[in-house]
Structures are given as C-alpha cells and as structure tokens.
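The values are calculated or read from the model by the stated rules, or taken from the named source; none is laboratory data. None of the values given here were measured: they were computed from a predicted structure. With ideal geometry, Cβ positions are generated from the backbone for all residues, glycine too; neighbour counts draw on all protein chains shown.
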Amino acid sequence: MVKTFAGARLRRLREDRGMSQVELARLLEISPSYLNQIEHDSRPLTVSVLMRVTEVFGVDPAYFAPHDTPRLVADLREALPTQALPDLAELATKLPEVAEAVIDLYRRQRQAEDQLAEIVGDRELIAGRSPYDQVSDFFYRRQNYVPELDEAAEALAREIKVRRGETWRVLHDRLVERHGVRIALEDARKLAGELHRYRPETRTLHLSNSLRTGQQAIRMGAQIALLEYGDIIDSIIEEEDFDDPQTRILTKVGLANYFAAALILPYTMFLTAAEAMRYDIELLTEHFGMGWESVCHRLSTLQRPKARGVPFSFVRVDRAGNMSKRQSATGFPFSRTGGTCPLWNVYEAFNAPGRVMTQIAAMPDGQRYLWIARTVTRHYGGYGQPGKVFAIGLGCEIRHAGRLVYSTGMDLNAIDAAIPIGPGCRTCERLNCPQRAVPPIGRRLDLDVNRSTFIPYPLKDPLSEAVPGPRQPAAQPRPR
C-alpha cells in the first residue's frame, strides 16, 4: 500500500484556521508529538487520522492524494535548470503546491516570451511554443481524462445502442436522422489529400475511401461531438483562456476526437473488456474493430474515479524522434526540451515493423515502467504514393505491470535488469550515458585536454561542484 505523506498540506490547513498543534491533536484524538511527526513527514497519514482530518476541516480526502512527483520534478528541471536534482525532488515531494506555482510562473514567462517574439517577428522563439505543444500540454495537465465528454459519450452510446460490429451503421443513422447529414464516401484522389471534410452549407460529410471502417467511424463520432456537444467543448476551451486562434481550433479538434473514441469505445464496456483480456491490444483491436493506435489511445484515458483502468502513458513518434502525441495518466516525465531518449524501445520498434516490443525501463529517480511499442503504417492513394510510419508506445508503472499480458515471463522484481532511460538528454541526470546527444541544461562538462572518454559528454559529479565557502584571510605572523 502506498503511504500518504502530506505534512505540508496538513500544516497549512491548521495554520489557516489559526489552530495550534495541541488543539488539532485534541480534535484528532492523537498526541501532539504524533501530529508533529505527521506534519514533518516523519509519519504517514493513516486512514483513521485522514478521515478525522476531513471531518475537522471539511475537505475532500483527495486533497491529500499524492502528487505525481516524477512529473513535477521533470517540469521543475526545465524551470530551474541550475538547481540540484535532490533539491527539486524534495520541493516536489514536500511542497507540491509551491512546485506547481513555480512551474506555472515559468510557463507564463514562456508564454510572454512567445507573445513578444510574435510582436518582434522572432521566428525561432515562436517555433519553440507551437499550438500543437500547447494542446499536448492541455491534455497532459488533465492526465488525458476529460470527464464531461467521457460521461456524455457513454450516455449517448447507451441511448443509440452502440454495439460491436454495428458502430458504423449506428453513427451513420444518428447523423442522418438527428442532423440531416448525408455521408458521402469519396475517391481519395477527388478529396485532394483530405481525409474528410464537412460542408455545413450542404450538410454533407465527405469521407475518403482510403480510410478504414474504424477510422471513418472516428470522423463520424467527432462530427456528432461538434454538432451535439459543441457547447461543452467550448466551455472547456474557455477555461484555458487560449489567446491563439489556431490553438483553440486544435484543442476543439482534439476534444471532438476524444469524444468520438469515448462514444465508439464506451468507458465501462471497454474497461471490462480490457481487464478480461489483460490489456492484450491485439485482442482488443479485433474485438472492437479499431486500429492499434486508437485502442492504445483509449487505454490511456481510463481514469474515471472509482473505476480506473491501468494508468498509461501514450506516445507517438516518428523515425527522426519527433513526438507528435504525448499524453499521460501517470507521472511519466516527458521532456519538453529537446528530443527523447534513444534507449527507449519505441525506437527499437522501427527495426521490427508490426512486431510488439516490450521493455522494463528505469528512470533516473528509480521509478520503473513497462513499455509496449509497435509500429503502425498509414498509406494514402495508390502505388508510388508516400506513406507514414509511426511507433506507438504505451507504458505503465511497474506496480501495474502484472495486470498486463505483456508481463508474462518477466521478472518484474529484477531491478538491475531494467534498461536505464531518461526523459530526454537536456533534462536527464545520468552521468555515464554513452547515448547522450547533448549535455543536460545547467550542468558543467568534465573536460580534460589530456584524455578522451567513451561517454560523449562526460559530466562533473554534482558533489564536486559544491561552491566553496568564503576564503579565510592568511594568518599574520606574530610580532616578536
């Protein structure tokens, strides 16, 4: 069982109410010394004490839920690159609200720099904070779960009776009967590179015949979201206060696609099947008639309170290491600075197209994950037309790995067998990584003209970089 250490939050509640430790200890029916140990994180909050605390202060138990420390540390590493990693970890663990405030200030600063860059025309700075980055951050902050849309989609799925094998017809009938929308399957060449287009003036949804049935269903589900649940989507976007019109459009598209996946793969039905099949993605794709990427993406959204699936991180990358999707229900620390780790098995998947690759990976903080990766290929048009190849990665913390069929035959307790990876070279603290592409931000290299090393960027040990104290004046000789 995970122990809950929340001393700083409990102390803040007590001080906000103007209570002494003696007064609170009396109300909680514990000794003042025990309360003092809890507030200093020497002792965890027990269930019985937690329940009494919620009664005394009238707060929800979720107020004391552990924060995603690895996620906070990774974000702090970019906001405060010159600070030592142990200090950042302590800040994220003991004062998570302060850590989040620092990260928020850093992001606001970056946003101000982006706006300034746009005013003065600095294209390099503008490119560093694209609308796609902001949309990824939007879903990342929400841990890839949007309850308003997920619950609405499941209710609609019950209403229109979405069933396996009948999804396309059911969505088609909804668009036709409820909205008077005509579905037109078009030759891919006629759409001139477009996969779909909705024409409001004729109420026609044009779908490319290059799309598979499941992909066509996603487009139809997204159109239903925009036509029936546009007010909910707009209200979610308004909360974010996006200034850039392109970011607002991309967020709207992302939320519509989220609704479509939740409509085609309703939460309870999909979670039940996933648990029964031990999260076997191949079986789930066959069972629901959806693609590998769609199933993996849906698996990463199953975080409904009191009915949670395995918390996954989801990523899509290309051969060059570009990350076009990154969404997470875990504390996995995706880097927003530079590329990703070349030791990650999502890149190994390109060497064995279509084959499922598994990896137990260890992050610099010791947290271990089970990662599943496989390539997906997309073609458009006929012979000679270029296609697209991506690697899809799905990962969970090692404590959940036993629920997955992919852990069969693995020794999940073999710590030394895990592959050491990192969030990205610019934020990774591993001193001896031979695959490092660039030195980490805020760290000095250990260079010597008289030696060479197998490691491309040897780093100074943090302990050797301690700032020396003030020099003492030289002793003066005593007069004789």
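Couple of notes before you dig in:
- Scanning the range 190-200 for residues that are exposed (fewer than 12 other Cβ atoms within 10 Å of the Cβ) and either over 15 Å from VAL176 (Cα atoms) or touching a helix residue (DSSP H, G or I) at 6+ places or on another chain (Cβ under 8 Å) (or both) gives LYS190, ALA192, GLY193.
- Test: residue in the range 211-218 that is more than 22 Å from the chain's Cα centre (by Cα), under 21 Å from ARG197 (Cβ atoms), charged (D, E, K, R) and at pLDDT below 95: yes
- The listed residue being crowded, with 19+ Cβ neighbours inside 10 Å and either modelled with pLDDT of 85 or more or more than 30 Å from ALA188 (Cβ to Cβ) (or both), out of ILE398, ILE419, ILE441, ILE415: ILE398
- Of residues in the range 137-179 being farther than 22 Å from THR301 by Cβ and aliphatic (A, V, I, L, M), the one nearest to the chain's Cα centre (by Cα): LEU175
- Note on the range 11-34: residues that are in a loop (DSSP other than H, G, I, E, B) and either surrounded by 14 or more Cβ atoms within 10 Å (Cβ to Cβ) or at pLDDT below 85 (or both) amount to 4.
- The lone criterion from (1) touching a helix residue (DSSP H, G or I) at 6+ places or on another chain (Cβ under 6 Å); (2) more than 29 Å from GLU90 (Cα to Cα) left unmet by PRO333 is number (2).
- In the range 125-141, residue farthest from PHE312 (Cα to Cα) [restricted to those that are out of contact with any Leu (no Cβ under 6 Å at 6 or more places or on another chain) and modelled with pLDDT of 85 or more]: PHE138
- Among the candidates ASP231, ASP241, ASP187, residue that is modelled with pLDDT under 90, closer than 22 Å to GLN134 by Cα and surrounded by fewer than 18 Cβ atoms within 10 Å (Cβ to Cβ): ASP241
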